[in-house]
1. Restricting attention to segment A:423-447, and to residues there that are touching a residue at least 60 places away in the same chain (Cβ under 8 Å) and in a helix (DSSP H, G or I), which single residue is farthest from the other protein chains (Cβ to nearest Cβ)?
2. Within segment A:448-530, considering only helices (runs of 4 or more DSSP H) that don't extend past its boundaries, which have at least 3 residues that are within 32 Å of the chain's Cα centre (by Cα) and surrounded by 13 or more Cβ atoms within 10 Å (Cβ to Cβ)?
3. How many residues are touching a helix residue (DSSP H, G or I) at 6+ places or on another chain (Cβ under 7 Å), free of Cβ contacts under 8 Å to residues at least 24 places away in the same chain and part of a loop (DSSP other than H, G, I, E, B) when one looks only at segment A:256-288?
4. Within the group B:Arg64, B:Arg21, which residue is at pLDDT 85 or above and either among the hydroxyl-bearing types (Ser, Thr, Tyr) or surrounded by 21 or more Cβ atoms within 10 Å (Cβ to Cβ) (or both)?
5. So, of the residues in segment B:303-330 that are of a type in the set (Val, Ile, Thr) and at pLDDT 90 or above, which turns out to be surrounded by the fewest Cβ atoms within 10 Å (Cβ to Cβ)?
6. Output the number of residues of segment A:537-554 satisfying the condition of being surrounded by fewer than 16 Cβ atoms within 10 Å (Cβ to Cβ) and in contact (Cβ under 8 Å) with a residue 24 or more places away in the chain.
7. Could you tell me which of the residues B:Ala54, B:Ala96, B:Ala49 is surrounded by fewer than 19 Cβ atoms within 10 Å (Cβ to Cβ), closer than 28 Å to B:Leu394 by Cβ and either more than 16 Å from the chain's Cα centre (by Cα) or touching a residue at least 40 places away in the same chain (Cβ under 8 Å) (or both)?
8. For segment A:359-370, what are the residues that are surrounded by fewer than 24 Cβ atoms within 10 Å (Cβ to Cβ), touching a residue at least 60 places away in the same chain (Cβ under 8 Å) and not charged (D, E, K, R)?
Amino acid sequence: MTEYSAATWDIAVVGAGHAGLEAAFAAARLGCQTVLFTINLDAVGNMPCNPSIGGTAKGHLVREIDALGGEMGKVADRVFLQSRMLNRGKGPAVHSLRIQADRRKYQDIMKHTAETTPNLSLRQAEIVDLRKTKIGWEIVTRLGAVHRAKSVILACGTYLQGRIIVGDETYPSGPDGMFPATLLTERLRALGLELMRFKTGTPPRILRTSVDLSQLEPQYGDTPVVPFSFENEGRDLGPNTRECYLVYTNEETHRVIRENLHRSPLYSGKIEGIGPRYCPSIEDKVVRFADKPRHQLFLEPMGETTDEMYLQGFSSSLPEEVQEKMLRTLPGFSHARIMRTAYAIEYDCADPLQLLPTLEFREFPGLYGAGQFNGTSGYEEAAAQGLIAGINAAHRCRGKQQVTLDRSSSYIGTLIDDLVTKGTREPYRMMTSRSEYRLLLRQDNADARLTPLGYEIGLISEERYARFREKYRQVETEIQRTEHTWFSPEQVSNLLASRNSAPAASGISLADLLRRPELDYALLAEVDKDRPFLPAAVTEQVEISLKYAGYIQRQLRQAEQFRKLEYKKLPADLDYTTVQGLRIEAQQKLNKLRPASVGQASRISGVSPADVTVLLIWLGQHHSQEEKP
Amino acid sequence: MNHTIVALATPFAPSAIGVLRLSGPEAFLVAKKALHFFSGALAEDCPRALAYGALMDGDRELDRVIVASFRAPHSYTGEDTVEISCHGNPFLLQQALCRLIACGARQAERGEFTKQAFLNGKLDLTEAEGVADLIAADSQRAADAALAQMKGQLSARLEEINTALLELISPLLAYVDYPDDEIGEIPPEELSLRLEDCLSRIRKLLASYSDGRKIRDGIATVIAGRPNAGKSSVMNRLIGYERSIVTDIPGTTRDTVEETITLSGLKLCLTDTAGLHQTDDHVEQLGVDRTRAALARAELILWVCDGAAATTPEEAAEFAALPSGAKKIVLLNKSDLGIFRQTKEFPGANAIVTVSAITGDGFDQLASLPARLLLDKPTENGELLCDLRHYQCLCRAEEALTRAVKNQRMTPDVLLADGEDALAAIGELTGKTVSEQIVTDIFSRFCVGK
């Protein structure tokens, strides 16, 4: 192959999936000349797995991305077929927004946004080499074009050495029939990156008109639609009329699966990659939970202009013919036609323990990783990392300080900290159980947590920031009003009695009424006659702040303690064997992972509380580099 | 993680004064819960303050104390600090420490006050280096100790609590984390039962704690009685050597005298006291007052009376007035002179023994009694919780679950927060991290995910 010098960029992003897109948008918007490579322009922002965005913890991530000035939420608000707030009634910390997306429309908007964003160039090319130069990086395309960049962000998803497995059949492939990136892996290894092999999978796609939907249980969206983007707060996003359908497997389905288990590549050993526990294939579920008489499936629309539907819960790597047989056993599916066969896919990805919390590779300045390439799973997890990698690559170009989010600030921070501190042995998915600050990190207050930072970085406009400040000024004013609005016991006796709430012994404030679990803001309108008209987003904050004040306060105190150690920064070049008093195991782990802060060090397995104290004292003696939040 | 810490700042040995030091963001809060002030208050509006009050355990007064408080940053550690000067009885100090932990403080790790002081810029490097050495040396010992501790019954019991907590949390978390999967809501009654189950397991283990302490630190035992009944002779007989000055002039012992002995394996912290009677002598009266104070704190009272003399109404009244919380053994002394008493003269006595402090008669019989009376409820399997750190972690777990019980009408997200706090507290003992445990548990228990 003859190489030629093609162009020079500030930042090159490899892969235009959800991670690559956010990375490229952030970098370009922060003023960096950015090129975004994709192996196929028709796969920009693709959703090769499920056609939905959000869900538990993932919805939180989308909100956080939006609060920082990312793109995902805004586009999701334009393309939803169905929108639901999951977990209503289970508490604000776990409310989770999820939409079914019009997949093509999402791709079109993302692609067009990339085409029209200043400083951003979108280019179809397979990247086959990555080389370190004196001043930065060179990347080489399949056709020999050499692009120079100060920073490179790898966001190659499941393309690296991708291999699809269906039953006995296996062949090299990227997701959704795209061709795989077969040459880059070797070059990354040669560079010195440690790679892992992961596996994931997707269920079959079914032709809508071949299913008797009358035998299925429809599921509807919510009204009014809650937007993902804080920019759309209070706006009408249009109708929410498309249905999903609920259907169950039965004994017959399970019999077909059991009879064909020997043909599953998982059980025959054909699959080497490590799959995620939370995306079990249907054969996995049947084997592991043999006593369950049925498993729940959802048939979900994939677009306004297509009859192709996604059968959530039916992931499989059984042979195609078995998939057909399994499918026919479902009620309403006796004539169902598969449009795309379910498959498992294996791919190469980087061990995230090589990354700094900025998502830059510790040993390779200017090289960043994001998304599935870093060992995660999910569009939202990918987009979140892309955004942070993009911001940091841009800051690096501009000579500005790198941005890291700590665990107490966000799910994004928790995700990245888990990845770079603990690593992962399966594709990492965000769950609310991963956060110890769940009551603080709610999807409703992502703006309060992150928009000031997004503004400071430069991804939030003056206008949006002003609106944000006005919103929280109103919240503060209304909280004050509730504290100073009093009722006599007689004024509220009927209301309290109707909700089985204890009568007020003496005068009671509106705030105290709101603190009672059985009462809420809307209900109290009956007695609170002079209340101002306020947007729902404002009253929601007021209500949560009051009702959960005790819990929020406690977690705030915990977070404050936690941050003390997070802001004790450790020097990147410290040789831990020279630190007196550290145990040998701790020295080795610390030398390998080179934590950014004492806080991060404390979460590394093998580093004891005593080691942490030793580090603190060492710091006091030698550096005293304390950054303030 | 609780960052308000408490520890004994003076040696754990009998002394005139013992100082407990509380430090951290909630030091004042904890102090206010545990103390009742007679005069003065905490340094909430000024850099430092001195106050006088009582350390309370519920309605019970543990001790009269002097309270010095320092508002951050005007303290040794640089954080809000409260120093409580108690009387220097190890058993009392231990109780006081437990009380402060129950009020929300956490037992300080070795060197932790100094660490805080260093972190807040209150110490110079030389001092800090000393702490580093101390901690480095300590970590191996602590690791060895922890390993030894984790073997055996206690570890099994903690494991059971851990499992019970997981059974509480996992379904709740699966229910919120997997709304699409068929995971039903846990009915409120079921949730209550599981909470109560966890709580009762924790409380049971906590209850075994006082026995553990009793064995380790001894029983507060007071020798009391009318003047010249032979209390000091009994004490001396028990100790095996002459400590008190024994005379036959009533009222010789004006102060309280303390000693530790072991009877049938149980450690008794003996306090010999001035005889109880009405007196005009001012110094003697002070002694009598101290006796009463000692009795108020006693777990075991050895009531010594002159068996050779008849019961007087004053003596009957004094005996009846003994604190009801303590176990009482009546020693009918001077058996060598003949016994003229009836057992029914001592209502409320747990045992009556005829002894002679002069000849030593009856002391064999006495020897086994304290253990029988005080350790009559060994926990199942005989395992005992005897480590303060374990105790305080369990206290935190209990506190979190108590909060959950109280807030059952709140949404599942906050119940989870409480449950996880409890699991985290137990995790500090078992070394398991909360998040990974729960995630693993959910995947093994529920068929979730798409």
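1. A:Asp447
2. On the way: elements: A:462-484, A:489-498, A:510-515.
Filter on segment A:448-530 gives A:462-484.
3. Adding up the residues that qualify gives 0.
4. Sole residue among the options that is at pLDDT 85 or above and either among the hydroxyl-bearing types (Ser, Thr, Tyr) or surrounded by 21 or more Cβ atoms within 10 Å (Cβ to Cβ) (or both): B:Arg21.
5. Going through segment B:303-330, the residues of a type in the set (Val, Ile, Thr) turn out to be B:304, B:311-312, B:329-330.
Within this subset, residues satisfying the condition of being at pLDDT 90 or above are B:304, B:329-330.
Details: B:Val304: 28, B:Ile329: 20, B:Val330: 24.
Here the residue is B:Ile329.
6. 1
7. Every option except B:Ala54 fails the conditions.
8. Matches in segment A:359-370: A:Phe361, A:Phe364, A:Gly366.
The values are calculated or read from the model by the stated rules, or taken from the named source; none is laboratory data. Predicted model only: the values in this text are computed from it and were never measured. In this analysis, Cβ positions are derived from the backbone assuming ideal geometry, glycine residues included, and neighbour counts consider all displayed protein chains.
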